[in-house]
Amino acid sequence: MRALLIACAVLAWTQVQAADSCPVVSVPAADHVVVRFQGLVINVPLVYVDAPTAPAARDACQSHLAQLLKNRKVDLIYRPSFGTDPDGTARVLLRIGDISVNTLLVADGYARYRPGLRADSTYSDPVRKAQERAQTAQVGIWSKAGVWAESAAADASAPAAPDAPAAATAPAAVATAAATADASAPAAAGADAMAPAAATTTGVDTSSAPSAGTGTYPGPFCSEIDSKFYFPSGHPGVANISAQRLIFYPDEATAQRAGKTLSPQTQLDGLPTGTDEASADAVFAKGKQIYGTAVDAGNNSHRDDLYGQAFVIFSDAMRLYSALVEAQPNNEALSDKLHDCMQLRYGALKYRRLVE
C-alpha cells in the first residue's frame, strides 16, 4: 500500500492563527490521525499524547480515538512550541468545537501526557491536568490492571515534568524503559535489535555529539518502533520519544537490515543552532542548495533522498522564521522569507516520489 504523506506541507512550522476544519480520513495509529487539509491528505501526530506500546492497550487507545473521530471534522491547532515527531512532522492539537481530542484521550485513560517541545501552558495544562484526574480515578492505563499501574502512584505524587526547552537536554530516549514495554516489536525492528529496557541515564553527557552516547546507551543507534528512520543514540531527534518506543541497534548495518534508513534530520547536524535571523537564513540557504541539487539529479532514488534532506532542513528554517515572525508580526521581510521557505518545503514534499 502506498505510504501516506507524513508531513503537513502547509501547516507544519507555521502558527495556525485560526482553526482549520478538516475531515478525518482514518486513524492509522493510537497517536496519529489522517486528515484532508487544504486538499492534501496528511498524517499528523498528536501533541501531548504518549500512547502505550503494550499491544492490547495501544489497540484500545487507537480504537477509542477512532470512535471519538468517527464521521467528524476536526480543527487543527499548531504552535511552534508543540514540536515535531521523529520524521519532522508537526505535532498538532485536534479540536471538535471547543473540545480537545488530545485531552479526551488522556482524560479517558487511554494515553498519558507527554511534554511538548517548549512550555505552553495554554495548551499543555489541560492535558496534564486530565492525566492527574485519570490517575486519581484509576481509569484505563492507570487502573490496577493498567499498563502503567505500577508507576501511577509515583507519577501522581511527583510534580509534572516540565515541557522541554527549545534546546532539549536530557533525552527521553535514555530513560529506563518501563517493564511493560512492548516485547513483541514489529518484525521490521530486527531480531538482533537491543531491548530498550537496558537503557540507563547514568553518566550520559547530553551535550555531546550524537555518536558520543556509545557505551552509555544500550546501542549506538536507535529508532522509534513504528518509524522507518534510525538515529545515532543521543541525537536531538529522539529527545522527545518515550523510552518505551525505542529500539537500539549495535551498528548501522543491523538497523539497515531491519529496514531502517538514516533519518534526514541528521542533515541538521553542524547547521547553525541560533534562533536569530542570520541563523535562519543560513539554514534556509543550505536547504536551497540541496533542493537545487535534487532538481538537477534526474528521476532517481538519489533525487528523492535529496528532496527528503531538503524537506527536513526547510522545516527547521521554517521553525526559526515562524518564531521570528511571531515575535515581529509587522516585519514584512521576515514574512516573505517564511513564505518562500514554505513554498520550497512544499516543493520538496511534492516532487519526492512516494515509495511502497
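No value in this document is a laboratory result; all are computed from the given coordinates. Not measured: the values here are computed from a predicted model.
Quick notes
- Reachable lysines, given that their alpha-carbon falls under 16 Å from the alpha-carbon of Lys288 and they are not under 8 places away in the same chain: Lys337, Lys350
- Radius of gyration, Dmax [the range 239-286; alpha carbons; angstrom]: 15.2, 41
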